[in-house]
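A quick write-up on the structure given underneath.
Read the figures in this text as sums done on the coordinates, not as results from a lab. The structure presented is a predicted model; accordingly, all values stated were derived computationally and were not measured. Counting neighbours? That spans all protein chains shown, and the Cβs are built from the backbone with ideal geometry, glycine included.
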Amino acid sequence: MESLIKEIGEAKNIGIIGHVRPDGDCVGSCLGLKAYLDNALKDARVRVFLEKPGEIFSYIKGYDEIDPEYQCEEALDLCFALDTSAMERLGKGQDIFKNAKKTICIDHHISNKGLANLDHIEANASSTCEILTSLFEKQYMDKEVATALFTGIVHDSGVFQYDCMSKRSFELVGELCEYDFDRSRIIDETFYQKTYVQNQILGRSLLESILFMDGKCIAAVVDKKIMEFYNINYEDMSGIVNQLRITKGVEVAIFMYELHRHEYKVSMRSNGKVDVAKIAALFGGGGHVRAAGCTLNGTYYDVLNNLSLHIEEQLKNYSSDE
Ligand code: AMP
Ligand code: MN
Ligand code: MN
């Protein structure tokens with residue numbers, strides 16, 4: 001894309017939609033784009049349609065204006081899909097997106113096959129927020145936009161730790177750091193900090209995790225009863241799979257929680273030898289080589305058996321390639 005502002009053209013009624021169960025990159029990119037467009041465009045109306053993100057993100061400008069009800073009867077002039085790799089991932093936002101006169105998707109998932117009139121996909125970018133940072137013109141940037149984008153990069157890169165952070169990513173983060181906002185507070189309070197109950201569920205998951213495939217795979221599950229007992233939702237469990245991944249010797253970590261009886265939301269993380277996006281795609285999901293997700297039916301053990309077959313195969317091929 002040459003210029004985002006040029007692509008927007010004369011559009012006045014603009015929507016921004018992210019994926020279901022939004023994470024930091026999704027919230028940061030949607031609110032960052034809104035704050036930027038509010039600065040750049042005169043007399044345009046820009047709305048964000050998103051499932052209500054956790055309170056931890058309430059410091060980001062525009063948080064209170066998010067429409068979690070997806071109320072939009074008219075056809076928008078332009079609608080963005082951000083951080084969203086497939087149409088179904090827009091959840092309740094699908095109709096709004098499909099009805100818009102023009103659509104633009106900005107994303108960084110390798111599994112994204114395109115879903116808009118204009119698809120801007122950079123699979124090498126650490127995050128959608130990184131792509132936006134590179135697309136935004138300095139004259140419309142401010143501290144609020146930078147705060148939102150910084151949040152998304154922090155979350156998708158594990159605080160700049162993962163391989164997805166390139167030299168270019170660090171340069172773009174550097175540009176955001178020109179604005180005066182409290183970076184360590186964002187990292188501490190939105191990435192590392194856990195409530196007591198979140199720590200309890202993390203501890204419980206680790207305690208009950210199972211190690212298999214000669215210690216190369218680790219898995220843990222939280223069922224609905226437990227979620228109800230602790231009164232927690234998906235956001236409360238977001239760091240568990242990463243903690244499982246750093247178990248010494250492990251190649252793949254699997255974390256799942258029960259959505260309905262015999263239906264699990266699965267998160268996978270790899271330490272590099274296994275491409276988990278490939279496996280997630282086999283089951284209708286997607287993501288990145290080292291972090292992917294999907295929804296699977298069956299019992300916990302059915303799901304584990306299905307996934308481990310593919311993990312084992314990739315590990316076998318990997319060692320025979322060496
Ligand atoms: P998660 O394990 O849910 O944190 O997701 C890891 C990565 O995979 C994220 O980048 C997600 O956007 C992506 N992802 C998760 N679930 C799905 C899915 N059902 N379809 C496509 N991508 C997914
Ligand atoms: Mn995301
Ligand atoms: Mn992302």
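Of the beta bridges DSSP finds with both residues in the chain, what % are antiparallel, to the nearest 5?
45
Mind listing the Cα extents of the range 196-321 along all three principal axes, in Å, largest one first?
So the extents along the principal axes, rounded to whole Å, are 46, 29, 23.
With N denoting the number of residues in the range 4-192, provide Rg(C-alpha) divided by 2.2 N^0.38 Å, to two decimal places.
Expressed relative to 2.2 N^0.38 Å, the Cα Rg reads 0.93.
Got a sec to turn the phi values of the range 282-296 into Karplus ³J(HN,Hα) couplings, 6.51 cos²θ - 1.76 cosθ + 1.60 with θ = phi - 60°, whole Hz, x for Gly and Pro?
Once rounded to whole Hz, the list reads 4, 10, x, x, x, x, 10, 4, 9, 8, 8, x, 6, 10, 10.
For a quick check of your reading of the filter: which chymotrypsin sites (Phe, Trp or Tyr not before Pro) in the range 29-65 sit in a DSSP loop and have no more than 12 other Cβ atoms within 10 Å?
none
Using amide H atoms built in the peptide plane, which far-off residues or other-chain residues are under 5 Å from Thr103 H to H?
HN-HN under 5 Å from Thr103: Cys79, Asn117, Leu118.
Where is the GNM fluctuation largest for the chain (alpha-carbon springs, 10 angstrom cutoff): Asp214, Asp25, Asp188?
Of Asp214, Asp25, Asp188, the most mobile in the Gaussian network model is Asp214.
Quick one: length gained pulling Thr247 to Asn231 fully straight, 0.36 nm per residue minus the C-alpha distance?
Result: 3.0 nm gained on full extension.
How would Ser319, Ser157 line up from fewest to most surrounding beta-carbon atoms within 10 angstrom?
Ser319, Ser157
How big is the range 175-232 along each principal axis, measuring the range of its Cα positions in Å and listing the largest first?
Per principal axis, max minus min of the Cα coordinates gives 46, 32, 15 Å.
Using a Gaussian network model of the chain whose springs link C-alpha atoms within less than 10 Å, name the residue from Lys98, Lys225, Lys113 with the highest mean-square fluctuation.
Highest fluctuation of the listed residues: Lys225.
Please turn the phi angles of the range 191-200 into ³J(HN,Hα) values with the Karplus equation 6.51 cos²θ - 1.76 cosθ + 1.60 (θ = phi - 60°), one per residue in order, whole Hz, x for glycine and proline.
So the J values, rounded to whole Hz, are 9, 8, 4, 10, 6, 4, 5, 5, 5, 5.
Counting other C-beta atoms within 10 Å, which of Leu202, Leu31 has the fewest, and how do the rest follow?
The order, fewest Cβ neighbours first, is Leu202, Leu31.
Need one number for the chain: average projected area of the convex hull over its C-alpha atoms, nm².
16.6
Please report Ile210, Ile218 as a ranked list, fewest other C-beta atoms within 10 angstrom at the top and most at the bottom.
Ordered by Cβ neighbours within 10 Å, fewest first: Ile210, Ile218.
Equivalent-ellipsoid semi-axes (√(5λ), Cα gyration tensor) for the range 62-161, whole Å, largest first?
23, 17, 13
Let me have the relative contact order for the chain, percent, based on Cα pairs under 8 Å that are six or more residues apart.
Averaging sequence separation for qualifying contacts and normalising by length gives 13 percent for the chain.
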